[in-house]
Amino acid sequence: MLRYFTAGESHGEALIAFLSGLPAGLKVDQAFVDRELWRRQQGYGRGGRMKIERDKAHILSGVRHGKTIGSPISIQLENKDWKNWQESLPVGEGDPAHHKRVASPRPGHADLAGALKYNFPEARYVLERASARESAARVAIGALAKTFLCELGIDVLIHVVAIGNVTMQQEVSWDAIQSLFHQEEILLNCAHRETEQQMKEEVDKVLRNGDSIGGVFEVVAHGVPPGLGTYAQWDERLDALLAAAVMSLQAVKAVEIGSGVSAAASPGSAVHDEIGYGSPVNFTGFTRARNNAGGIEGGVSNGEEIRVRGYLKPISTLRRPLQSVDFSTREPVSAAYERSDVCVVPAAGVAGEAMVALTLARCALDKFGGDSMGETLRNFQGYCVQLKNY
Ligand SMILES: Cc1cc2nc3c(=O)[nH]c(=O)nc-3n(C[C@H](O)[C@H](O)[C@H](O)COP(=O)(O)O)c2cc1C
């Protein structure tokens, strides 16, 4: 079973990611992992921190001579800013005079709920862990999940569908999404140049006003065979697993599979994807004229592209802060401000890719098993033959 965890604080010494359950013999490309980390740091509307950090994955265990060895993988990502925080956020007792308090909770962030839950007098420790710096650790192990899926012919990528009120109307082809992946400069990761410029103008508006903005990304998984996930138990359904995985990302407040949102307001005839049959193309000869289901029916992948959208709320740290209350005096004050992003939709999308890849890799390993890549691939190929002969 594929399992994963992360550890680390935003301004601590490092982040750590653990990934256990990948078969032995998977070739690991350090440059690919680092490029994924770079992609998470891009996008118009990011804060100053992205200029300090250039994440590099330091693989500590589970990979030897360039390949996985079946034992747990741990990866460390150094926090370059740690040198400026050693005194205020020490592991030892340190000097309380150097602590950097977060005196007034930000509406929309974890500050108040976390301080109440853990009985902290202010929110420093809360934001240190709740912050989306953590998502970098997920991207590092997500890159390994993507590498594994690639061996099965599955690719997972994102594109940005909306920033604020500017929305891509047309469906974006897999080829267009692939070209976005190869860009050397990432603006907002939207496949349509003019729409992307309008999106940039939306970000410029909130930058001028000291405000923030959300949006929507879409993760597309291409080449997924039918049969991942199951309707047999509620917690094994692929749609449920993907929804939880994407919803677990900081600031994602809604998840949509396929055309799930508009489907609720449409008649069945306009929603369901009619079935045809021809000569086998990918896995079977069954065809669909469209893909409103987003590649999943009954909690099982159906062989079409999997399409999952993550809806992000606007960032809660505002240069023109909202009203809050001082933790100590309980007097009304402005919410705390700490260097912050203004728009993170492209970056969140890269983390969304990682979460979708980890989920699909887990489901693929549940189905095909295998302790070595040779064994997993034999099982997978046997299943492909079964599908072809169906
Ligand atoms: C890539 C990424 C970067 C983020 N950067 C910031 C940030 O700079 N400032 C901020 O207030 N929130 C930021 N957020 C959102 C917060 O982490 C998130 O709103 C907060 O942890 C509360 O969790 P919730 O929104 O899921 O309820 C970011 C989210 C993502 C996905």
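The values are calculated or read from the model by the stated rules, or taken from the named source; none is laboratory data. Computed from a prediction, not measured in an experiment: that's the story for all the values here. No Cβ is skipped: glycine too gets one built from the backbone with ideal geometry, and neighbour counts run over all protein chains shown. Each accessible area value is taken on the protein alone, full model and side chains, heavy atoms only, with ligands, DNA and RNA left out. Shrake-Rupley method; radii C 1.70, N 1.55, O 1.52, S 1.80 Å.
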Review point. HN-Hα J couplings of the stretch 9-25 from phi, Karplus 6.51/-1.76/1.60, θ = phi - 60°, integer Hz, Gly and Pro as x?
Key: 9, 4, 10, x, 5, 6, 9, 10, 10, 10, 9, 10, x, 6, x, 6, x
Exercise for review: With +1 on each Lys and Arg Cβ and -1 on each Asp and Glu Cβ, and nothing else charged, work out how big the dipole of the stretch 6-137 is about its Cα centre, in Debye to the nearest 20.
Suggested key: 500 debye
Exercise for review: Give me the accessible area of residue 159, 1.4 Å probe, in Å² rounded to the nearest 10.
Suggested key: 0 Å²
Exercise for review: Working with all protein chains in place, sort 118, 311, 337 by solvent-accessible area computed with a 1.4 Å probe, largest first.
Suggested key: 118, 337, 311
Check your understanding: What does the accessible area per residue of the stretch 147-271 come to in Å², with a 1.4 Å probe and no ligands, DNA or RNA counted?
Key -> 46 Å²
Review point. Can you tell me the Rg and Dmax of the chain, counting just the alpha carbons, in angstroms?
Key: 22.0, 73
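Kindly point out which whole DSSP H helices in the chain project their C-alpha atoms 20 angstrom or further along the helix axis while averaging a Kyte-Doolittle hydropathy of -0.5 or above.
135-151, 345-368, 373-388
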Review point. Which Cα, out of 246, 233, 264, lies furthest along the positive dipole direction of the stretch 151-266 (beta carbon charges, K/R +1, D/E -1)?
Key: 264
Practice item. First check a/c for the stretch 187-313, with a ≥ b ≥ c the square roots of the eigenvalues of its C-alpha gyration tensor; if it is under 1.5, answer rounded, and if not, answer prolate when a/b is larger than b/c or oblate otherwise. Key: prolate
Check your understanding: Relative contact order for the stretch 1-94 using alpha-carbon pairs under 8 Å, separation at least 6, rounded to a whole percent?
Key -> 36 percent
Practice item. First select every other residue whose beta carbon is under 13 angstrom from the beta carbon of residue 182; then total the charges, Lys and Arg +1, Asp and Glu -1. Key: -2
Revision key, fill the gap. Sorted largest first, the C-alpha extents of the stretch 124-208 along its principal axes in whole angstrom are 44, 37, 22
Review point. In what order, largest first, do 11, 272, 65, 99 sit by accessible area if the probe radius is 1.4 Å?
Key: 65, 272, 99, 11
Exercise for review: With +1 on each Lys and Arg Cβ and -1 on each Asp and Glu Cβ, and nothing else charged, work out how big the dipole of the chain is about its Cα centre, in Debye to the nearest 20.
Suggested key: 360 debye
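State the percentage of accessible surface on the chain attributable to carbon and sulfur atoms; use a 1.4 Å probe and exclude ligands, DNA and RNA.
52 percent
Kindly flag which residue pairs out of 56/367; 56/146; 100/313 have an alpha-carbon separation exceeding 21 Å in this structure. Don't skip to the answer; put the middle values down first.
Values: 56/367 32 Å; 56/146 17 Å; 100/313 27 Å.
Beyond 21 Å: 56/367; 100/313.
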Check your understanding: Ignoring ligands and nucleic acids, what accessible area does residue 80 show with a 1.4 Å probe (Å², nearest 10)?
Key -> 60 Å²
Point to revise | Reachable aspartates and glutamates from residue 83, criterion Cα separation under 18 angstrom, eight or more residues apart if same chain | key: 9, 13, 53, 55, 93, 95, 128, 338
Revision key, fill the gap. Shape call for the stretch 88-128, from the Cα gyration tensor axes a ≥ b ≥ c (a/c under 1.5 means rounded, otherwise prolate when a/b beats b/c, else oblate), comes out prolate
